[in-house]
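The structure appears right after this line, and notes come after that.
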Number of protein chains: 2
Amino acid sequence: MHERFILDEWKIIETSFAPKSAHFSESIFTLGNSHMGLRGFFEEEYSGDSLQGTYLAGIYYPDKTRVGWWKNGYPEFFAKIINSPNWAGVNLMLDGEKIDLAISSFKNFRRELDMKQGKLTRSFTLLSNDGKETDLVITRFLSMAEPNLACITVKATPLNHNSILTVTPYLDGDVKNKDANYGEKFWQEVNKKIDTESALLSVRTKKTNFLVSSAMSVKVLIDSVPQNPEKKLLLKHKYVGYEIKIPLTIGKPVELQKFVAVCTSRDFEEHTLEQTTLSKLQTAYQQGYEALYRNHLAELTRRWEDTDIIIKGDLKAQQGMRYCIFQLNQSYDGKDPRLNIGPKGFSGEKYGGVTYWDTEALCLPFYLYTNEQIAKNLLLYRYYHLPQAQENASKLGLKGALYPMVTIDGQECHNEWEITFEEIHRNAAIAHAIYNYTNYTGDRSYLYDYGLEVLIAISRFWADRVTFNPRKNKYMILGVTGPNEYENNVNNNWYTNTMAAWTLDYTLKSLAELKNDDQVKYRYLAEKLDFEPEELDNWQDIIGKMYYPTVPDLGIFEQNDLYMDKEQVLVKDLPPEELPLNKYWSWDRILRSCFIKQADVIQAFYFLPEQFDLECKQRNFDFYEPRTVHESSLSPSIHSIVASHIGYHHQAYQLFLRSSRLDLENRNDDTDEGIHLTSMAGNWLAVVMGFAGVAVKNNNFTFNPYLPETWESYSFKLNFRKRRLKITVDKEQIKIEQFSGTLFPLYVREKEYLSSKDNLLSIKMVE
Amino acid sequence: MHERFILDEWKIIETSFAPKSAHFSESIFTLGNSHMGLRGFFEEEYSGDSLQGTYLAGIYYPDKTRVGWWKNGYPEFFAKIINSPNWAGVNLMLDGEKIDLAISSFKNFRRELDMKQGKLTRSFTLLSNDGKETDLVITRFLSMAEPNLACITVKATPLNHNSILTVTPYLDGDVKNKDANYGEKFWQEVNKKIDTESALLSVRTKKTNFLVSSAMSVKVLIDSVPQNPEKKLLLKHKYVGYEIKIPLTIGKPVELQKFVAVCTSRDFEEHTLEQTTLSKLQTAYQQGYEALYRNHLAELTRRWEDTDIIIKGDLKAQQGMRYCIFQLNQSYDGKDPRLNIGPKGFSGEKYGGVTYWDTEALCLPFYLYTNEQIAKNLLLYRYYHLPQAQENASKLGLKGALYPMVTIDGQECHNEWEITFEEIHRNAAIAHAIYNYTNYTGDRSYLYDYGLEVLIAISRFWADRVTFNPRKNKYMILGVTGPNEYENNVNNNWYTNTMAAWTLDYTLKSLAELKNDDQVKYRYLAEKLDFEPEELDNWQDIIGKMYYPTVPDLGIFEQNDLYMDKEQVLVKDLPPEELPLNKYWSWDRILRSCFIKQADVIQAFYFLPEQFDLECKQRNFDFYEPRTVHESSLSPSIHSIVASHIGYHHQAYQLFLRSSRLDLENRNDDTDEGIHLTSMAGNWLAVVMGFAGVAVKNNNFTFNPYLPETWESYSFKLNFRKRRLKITVDKEQIKIEQFSGTLFPLYVREKEYLSSKDNLLSIKMVE
């Protein structure tokens, strides 16, 4: 567990540079603006170990699948978000000597991410061999207001010398993915142009043919006075740059400002792309750094307004929570329905940067509470991918639709049979998201216009995927991997069976409601999708005869058939040096153990909180939580929410704290590969759905809040059916402020209130 | 199903060339001599699709493992037998026009493998564009007597023209493996020498540093008269060759004889390797073709003497059986205890050409009956690999030894978790081989000197790998893949549990016998291996409380837990166009189906025939055989043997026929990748152990023969405890001839006989 960073409510600060943790820090200091992003690698050359990663939303490459042993049904390609041209680079030399923190001497190293400002600042004092000392401050931000723009500044102050600083700002398209399956480079040069005003580089991806133009212009200031220094123009394959020699005078700061514009053919006309890019660059350059930064900050502030959770009395929790919100806000803005939320955001290559069921499990609810339109866009994303999901099912010889485990364009990418073919519960999360949206917003139009098509396709998959077992007169789901990926190819994963039956039931009920609400639309749908009453009867039969494994003597659900045959050991009895298991145990040992990677039975309590009674949830939580190692980042926040729901407040808080600081403390020892973006949404939910107990039950907005022991208060905003609310919970009271929309009844601890006239409702914590 | 080949008792003949089946025919026409071998690719250039493969026993390369997703415990390398320098090449041109059967016109194509002579002959009449007709006959053999030598002949007879034939015999080291994980070439040039007498090429493998020298000399004869034509010397990277222009005169045959010697640093001193190679070549050249061929034939005839099965009245069976025996004899001679039997012999790259449990399951018994020393060498092979097997177990966090699924040097190569970590039943086959050898030979010295160490290590593995289930008071083996690889990660595979308990029991009994026979040796072993009575008591406890899944209402063993929850369908109800399933079904569908790839429950009846009563075996066979698709080549012969044992003679014959002609008829649609060598031993056993019912029971040699319906007779030879026997079974009688050794009692159909004085015992078939 790392404690690299100073506790601060708005900042992530490290005060030393640890080459061994370089990847980890690079991940943490990732910056982005929904359109583009990059890891916290250094601007200047660094010859030590580093994972340079610069990413553009939606710019991907179908990398030919790599497997050891092919199985029928595997996809041919793994579409991955790729490392894009590096626009951040600025090489530095002092009196001809390269500045390279792997080699150079330096002191006072400090790196600071200001989350309120969306800016990364790095500073150090360079100690040259001949005794020269130079202060360097390097900053970067990516404009939240104008997503094609970014700005880098390098400021050097010679403390005890006059000398020459050589700065080499550049754009470099000769990059590759560390995880390229066959070591291939994905970019080809298309064009480059350079003069003293600006430099431009256009490159194109192979196969997908995305055209990307990057351009830069630079300003040099000495003691805040603009200069016009000579620039040597550098042109190499897939590379443009300037070499600028700047005289340094003792005590006088010198600053380089690098303005960057990056545009892609995803967003702009290809034939005018370079022009567009240069024109954006020029405007930014003319506006100047301050104006650019001001606009950026204004937009970021607006996002904080919408999503911040203010925690008083617990700096660790506050910092962790804000880090999560910051990463969510800077990685995805939900405006482009072709995009989704990759598990690593802009912080790394792992998982290909593409869409998993994380979206429906955790991110969608976050947007439901904060920005309904984004939630709807995420639903539409899956609707548009329905044909590919149908093709995916048919590849396996099954009816209906099987949504991919991993995708960027709707096609399956993943290629482990136990996941690709068997982790089919993902389908249920997509069905549940439709329910979740409809239930929370009260808006049935998505359900009727789009959602039912998805639900029916998924239901058809379930109905074909079950096996009727005449010996037991039950429907079973054989050969699956549940959410707990530390068991594979099991029979009757309780969660999967539960969610499959739930999907069939929700689909039938929704169809019945549509039939009632809108006969015409119902008939249209019945004709379009060609369903007959017999099919619906069959679904009803499956719901009625679904098999659910249980452990009768313990009064719990059995995670899957035969789970109880495993040796039953608890996580607390594991030697700490063997955790995380996925690092220290063989896969064989993990599979045969009872240890659970992530919420599995408990996941159903999160999705379907009203379907199980309190004692049942408690018994299962008591059994499964001590066996759960939470080696999926998706897990602890789910357990935290359920712990809140069943009154296990201390555990809920502990799980929340672990989860909210998962990356800052590198809890799963894998943040070097990138942060865990999608799970970050879960921490927001752990406060809102967990601590505050926000839910919509029977169409009513309900709260069941409590205050974690060590906290003084917490507050957050949310939207509910065209109303904007702010909720504050402290030791004395629950305050509900309504900013907009009509007054409405709401339930706090199962008691009805009406949001009051003066838009402030205050309820005592202890009544 | 292919019927490409003419039925013949000694030959495999094709009378047309089918480019689409080129790989298939190349596999079938593989030649070898235990030291080296090659697929039946053409000597002259062929621009069509071909899998050129030339292999040298034991010459391997540790190819870096390729996986999609790494799992802890996977091996870093897959050691594979690699494609070696091509010494067979002879390019041909007629009047400057290349002869290439992908482009040239030709008629009367014929390819003939004479199994009695160990020689491959290919002939065709070339039709040139300008009307020239030329008969070509190309032969090859690899000397069974002198395994470093081979000879190619090319004979050309111009039917209607005088012209110039250009022949280019060469040695080419610039070859690669089609299945190289990273497209790498494994060979580096070391040296090449050429003059008009001989050409030599020395190449070395990367990493493993095997040095291989190949050398060739050529003779040219016109109308059987030796010539001394001019040779143009060709030298290229990793290549040496001669270009020879020979004048053709109408009606006069011209012949090229290419003598080849190939030696490796595995067998000879490296610093004199080239000299050794050249000297072997020179001797062969001086002896001449006829003498070389005579010696080869003498040795091959000797092997046929030892191993042939003569079947009268069933040409299909005779041809199939002889093809199996031929491939076994030419691929492995058992003289080098560092070598083992790869599943494809010299016929392809698939499976890496290395050691699987096939050896113990099928090959070892074949050698037990025909050449005891080879069987012992195969046991020693595993004994020498014990340290690596122990390391392999400890990598998984387990005690004792886990023999690898695939190996060449004792280290695991395979990298699918469901096989590598879970198909642990392979350990039991290795234990059983020790029992089998000891039981058949009556010689306990291997058991006491070596075998017990292996048995104890394997027993320790089982004792650690079981899970005690206190809820059921049973020991279970969780997370395994049984012999049926169409189910993965199952619990309590009945076969595995049975064989694990059997291993523990056999180990305990063998220890008790050793203690009784040789106290000193026992104490030595107990000290060396550090075993205490408590450990042995624990094994006894596991044997007593082992859990065996059963289906009580059907009176059968359950293949593994939950097998009966699958939809129960029979193979006969599958549409034929969906077979083999592994080609036409998604892996997901295969896994969830009840279809069984290969003998699983039935495999135990083969290994432990006396442990189960007849009715029990029949019930299980009746249940499992109709669900078995036999998509492993190991399977049908095992089922055939068990069918014989339980009196299902018609099925036994059908299964035998399928199995013995598996490759000739391309039954599993995969012979293009190579033949199924190891399974070929099973067909020999299907006759000897199955039809003839040979076994050693209670230390007695027993027969229980029958004659398959359509057969007139069959006969074979075998060795039993220093006696050489010939058994002939026809419609009237069972004849047992004894050629050597003392007379002994034997049991035919449970009745005791004594081998008679005149060394011929005749027993009426119908008594």
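Selection among A:SER104, A:LEU657, B:LEU760 by position relative to the dipole of the protein assembly as shown gives A:SER104 as farthest towards the positive end (Cβ unit charges, Cα centre).
The gain in end-to-end length when the A:TYR524 to A:TYR182 segment is fully stretched comes to 118.3 nm, 0.36 nm per residue minus the alpha carbon separation. Spin-label pair A:GLU197-B:SER123: with each label point 7 Å from Cα along the Cα-Cβ axis, the two points sit 8.4 nm from one another. Using R0 = 41 Å, the C-beta based FRET efficiency linking A:THR283 and A:ASN439 works out to 0.35. Measuring from each Cβ of chain B to the axis carrying B onto A, the nearest residue and its distance in whole Å come out as B:ASN489, 2.
When both bridge partners sit in the protein assembly as shown, DSSP labels roughly 95% of those beta bridges antiparallel. The protein assembly as shown gives an Rg/Rh value of 1.02, both radii derived from C-alpha positions and Rh following Kirkwood. Note down the nm distance, to one decimal, between modelled labels 7 Å out along Cα→Cβ at A:ARG749 and at B:LYS764. Output for this residue pair reads 10.2 nm.
If I take R0 = 22 Å and measure r between the Cβ atoms of A:GLU577 and B:SER394 in this structure, what FRET efficiency does the formula 1/(1 + (r/R0)^6) give, to the nearest 0.05? My answer for the efficiency is 0.80. Roughly how many Å is it from the Cα centre of the stretch A:400-440 to that of the stretch B:152-206, as a whole number? Going from one Cα centre to the other spans 54 Å. Out of B:ASN492, B:THR249, B:LEU201, whose Cα points farthest toward the positive end of the dipole of the protein assembly as shown (charges: +1 Lys, Arg; -1 Asp, Glu; placed on Cβ)? Towards the positive end, the residue furthest out is B:THR249. Going 7 Å from the Cα of A:ALA298 in the Cα-to-Cβ direction, what parts of the stretch A:114-130 have a backbone nitrogen less than 17 Å from that spot? Answer for this model: A:117-118.
Its residue count N sets the reference 2.2 N^0.38 Å, and the alpha-carbon radius of gyration of chain A equals 0.99 times that reference. Label separation (B:THR742 vs A:GLN654): 7.6 nm, computed from points 7 Å beyond Cα along the C-beta direction. Residues in the stretch B:231-256, backbone N under 15 Å from the label point at B:ASN160 (7 Å along the Cα-to-beta-carbon vector): list them, ranges by number please. Answer for the stretch B:231-256: B:250-251.
In plain terms, the chain from A:GLU709 to A:GLU269 could stretch by 152.9 nm, reckoned as 0.36 nm per residue minus the Cα-Cα distance. For chain B, averaging the sequence separation of C-alpha pairs within contact (under 8 Å, six or more residues apart) and dividing by the residue count gives a relative contact order of 12 percent. Assuming charge only on the beta carbon of Lys and Arg (+1) and of Asp and Glu (-1), the dipole of the protein assembly as shown about its Cα centre is about 1400 debye to the nearest 20.
Sorting B:673-686, B:560-573 by their mean Cβ neighbour count within 10 Å, with the most densely packed peptide first, gives B:673-686, B:560-573. Inter-chain Cβ neighbour count for A:464-471, averaged per residue, equals 3 (cutoff 10 Å, partner chain atoms only). Remark: chain A carries a charge dipole of roughly 1080 debye about the Cα centre, counting +1 on each Lys and Arg Cβ and -1 on each Asp and Glu Cβ.
Computed across the stretch B:371-548, the Kirkwood radius stands at 16.5 Å (inverse of mean 1/r, all Cα pairs). For the stretch B:371-548, the residue among B:LEU511, B:TYR548, B:TYR524 whose Cα projects farthest onto the positive side of the dipole built from Cβ charges is B:TYR548.
A label point on A:GLN611, set 7 Å along the Cα-to-Cβ line, lies at 4.4 nm from each of its counterparts in the other copies, closest listed first. Between A:LYS697 and A:ASP49, the FRET efficiency from the beta-carbon distance, with R0 = 51 Å, is close to 0.50. Compared with the alpha-carbon gap, the fully stretched path from B:GLN373 to B:GLU610 is longer by 82.7 nm at 0.36 nm per residue. The share of Cα pairs per 10 Å bin across the stretch B:563-664, counted from zero up to the longest distance, runs 15, 47, 32, 7 percent. For chain B, the membrane-span-like helices by this rule, meaning whole DSSP H stretches whose C-alpha atoms cover at least 20 Å of axis and whose Kyte-Doolittle mean is -0.5 or above, are B:315-331, B:426-441, B:494-517; this says nothing about an actual membrane. For the stretch B:624-700, the ratio of Cα radius of gyration to the globular rule of thumb 2.2 N^0.38 Å stands at 1.12. Over the protein assembly as shown, dividing the summed -39,500 (n - 2.57) contributions of all DSSP H runs of at least 4 residues by the number of residues returns a 222 nm mean residue ellipticity of -9000 deg cm²/dmol.
Every number here is computed from the coordinates shown, using simple stated rules; none is lab data. Just so you know, these numbers come straight off a predicted model, no measurement behind them. Note that each Cβ is placed from the backbone with ideal geometry, even for glycine, and that neighbours are counted across all protein chains shown.
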